Amino acid sequence: MKKFSLAFVFLSVSFIVVLFSCKKINEATELGGDLIPGVDNVNTFDTSLSIVSLNKRFNDSVFVDYSDPVALGDITDPEFGKIHANFCFSFSLPSGAATYPFKFSKDAVHPIDSVVLSLAYVGAYGDTLGDGVQTISVYDIDRNAGFLSDSAYAYNDKNSDFTGTLVGTKTYTINRLSKDTQYVKEPTDTGSSVTKYINVLRIRLDNSLGLRISNFDTTTTGLNSGFLSDSALKAVFPGLAIKSANSGNALAYFNLSNLANTKLTIYYRYNKPTGPGDTTASVTFTHSAFGQSNYVDVQPGGNWQPAINNTAADKVYVESSPSGSYATIVIPGLNTFPNKVIHRAEIIATKLPSANEAVFTPPSRLFLDRKNSNTPDTTFIFNKDISTSALDNSYDLSTFGGDLKSGIYRFNITRYVQDIVTNHKNNDTLRIYAPFRTIVFNPSLLSATTPNGRYQILQLANRIMEGRVVLGGGTYFDPSARLRLRIVYSNL
């Protein structure tokens, strides 16, 4: 039998212990970054500080950008309440110039065959299997309604929800849009060829809309001067409003900037000046310039509504923008924490089971920022814990955290905590939320380093109002699921 010396055995065991200890702490943080020494309670220690959490609601006035997918639908969530979403958008001249787009002149006879609104479908959120049937209505926006094609509208701005004359309705199943191919014989198709559409919602509109548009001309005055310029078209035909009925239990998303699949098509017939018979043709209008609104109305309900502003929340409710659902975090223990070498300090937020969470899934990422008590109207980024590109000062959140992994959101605020315990910096109130986009203030940047100075826009999600989660709060009954600050440290 092979023998080993006592010293060799001792060194081997020591190596295994150290290796296990390092492995344990690295697995526990799951944030990567710098090498963290193992917790041995001799040289390196860890502790958790209690958090006081409070559910809040604020006015998240994020604006709709041209390329943003717009939401449409109606949701009743047993945890968070009611969501309803409508959108409006404008159209541009087919050629981009002042010209009559139908065949020949305005005086020619153009019998309208059909008018079809097509919307490029890009996904859904909610119950698309059980209640994924939506009924929607399309309205020709009244020219006196005040819809402005050159204005940016906030998602929660109720004044951006326009209406007019009803020109069409449609009932459809959301999950069929990505599965069913629609075959349409377009005027440009020849022989037996047909155009195939998938991920497109096609809505038949009243022919009166096509007739009204065909009567536009290139004159400089009057209600029919829609083909004079883009601005003239938007003045007499502001666009279409698409509204969902109070039915279904999901939001569908559409890309208005997809010029191939989002369009208004007028199919018509015309007689050739020479030769017998009529011919089918079409005119297509697209949303090729800024001018859209997406009103997302959120009414707190379920378990979230009574939790708003309750002290010492045992549960934290976070719903994606623009609901205004967020939680404040205060860590009183940091005020008296002694000066130590901080190896890792991370906020740990644990997802709790919630009603219908298989349907109303959690956000893939949350965000954490801070509010200084001396500047109550300004929130600051964790500028020392978030990496910044040397080229354009863009942010890299990979080591900061915020992604949902194994049911837990973690945020690395090591340098922030070190500043508090060593340099006696202010112990700020923190904010945890799920923004679609947010404007962050970086006090480390000089105003000349970026086009917008110290303020920068940070995109956190792909679609508005997608995701919600219930987290264990600072007083949750299970200590392992409580919102807390974990610190790994060594003595000086």
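The values are calculated or read from the model by the stated rules, or taken from the named source; none is laboratory data. No experiment lies behind these values; they were computed from the predicted model shown. Here the Cβ positions follow ideal geometry from the backbone for every residue, glycine too, while neighbour counts run over all protein chains shown.
Here is a list: 286, 350, 280. Which entry is outside the structural domain of residue 188 (by TED's automatic domain parsing), among the hydroxyl-bearing types (Ser, Thr, Tyr) and surrounded by fewer than 24 Cβ atoms within 10 Å (Cβ to Cβ)? Give the derivation first.
On the way: 286 fails: outside the structural domain of residue 188 (by TED's automatic domain parsing); 280 fails: outside the structural domain of residue 188 (by TED's automatic domain parsing).
Only one candidate qualifies: 350.
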(request) Scan region 206-226 and report the pairs whose first residue is under 10 Å from residue 115 (Cβ atoms) and whose second residue is surrounded by 15 or more Cβ atoms within 10 Å (Cβ to Cβ) and small (Gly, Ala, Ser), with Cβ atoms within less than 8 Å and a gap of 6+ or a chain change. (result) 206/168; 213/226
(request) Out of the residues in region 92-118 that are of a type in the set (Gly, Ala, Ser), under 35 Å from the mean Cα position of the chain (by Cα) and part of a loop (DSSP other than H, G, I, E, B), state the one that is nearest to residue 240 (Cα to Cα). (result) 92
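Could you please let me know if residue 344 is of a type outside the set (S, T, N, Q), in a strand (DSSP E or B) and at pLDDT below 95?
On the way: of a type outside the set (S, T, N, Q): yes; in a strand (DSSP E or B): yes; at pLDDT below 95: no.
Considered against the rule, which asks whether it is of a type outside the set (S, T, N, Q), in a strand (DSSP E or B) and at pLDDT below 95, residue 344 comes out as no.
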(message) For the list (1) outside any loop (DSSP other than H, G, I, E, B); (2) within 21 Å of residue 244 (Cα to Cα), I need the number of the one condition that residue 147 fails.
(response) (1)
(request) Report, by residue number, each residue of region 141-175 that is surrounded by 13 or more Cβ atoms within 10 Å (Cβ to Cβ) and among the basic types (Lys, Arg). (result) 143, 170
(message) Among the residues of region 163-173, are any hydroxyl-bearing (Ser, Thr, Tyr) and in contact with a Gly (Cβ under 8 Å, 6 or more places away or on another chain)?
(response) yes
(message) Would you confirm whether or not region 60-71 contains a residue that is at pLDDT below 90 and farther than 30 Å from residue 314 by Cα?
(response) no
(request) Select from region 468-483 the residues that are surrounded by fewer than 24 Cβ atoms within 10 Å (Cβ to Cβ) and either among the acidic types (Asp, Glu) or under 23 Å from residue 416 (Cβ atoms) (or both) and list them in ascending order. (result) 474, 478, 482
(message) Can you pull out every residue in region 187-245 that is under 25 Å from residue 86 (Cα atoms) and either outside the structural domain of residue 137 (by TED's automatic domain parsing) or in a loop (DSSP other than H, G, I, E, B) (or both)?
(response) 198, 199, 206, 237, 238, 239, 245
(request) Return yes or no: is residue 75 in a loop (DSSP other than H, G, I, E, B), outside the structural domain of residue 175 (by TED's automatic domain parsing), touching a strand residue (DSSP E or B) at 6+ places or on another chain (Cβ under 6 Å) and not basic (Lys, Arg)? (result) no
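Across region 410-430, what is the total count of residues that are buried (at least 19 other Cβ atoms within 10 Å of the Cβ) and of a type in the set (Lys, Arg)? Give the steps one after another, and end with the answer.
Initial filter on region 410-430 (buried (at least 19 other Cβ atoms within 10 Å of the Cβ)): 410-414, 416-418, 420-421, 427-428, 430.
Now narrow it down to the ones that are of a type in the set (Lys, Arg): 410.
Final tally of qualifying residues: 1.
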(message) Residue pairs, Cβ under 8 Å, 6 or more apart or interchain, first in region 287-309 and part of a helix (DSSP H, G or I), second surrounded by fewer than 24 Cβ atoms within 10 Å (Cβ to Cβ). List them.
(response) 304/55; 304/79; 304/81; 305/81; 307/55; 307/315
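Condition check ((1) among the polar types (S, T, N, Q); (2) under 30 Å from residue 114 (Cα atoms); (3) more than 26 Å from the chain's Cα centre (by Cα)) across all residues:
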{"position": "258", "(1), (2), (3)": "yes, yes, no"}
{"position": "281", "(1), (2), (3)": "no, yes, yes"}
{"position": "324", "(1), (2), (3)": "no, no, no"}
{"position": "339", "(1), (2), (3)": "yes, no, yes"}
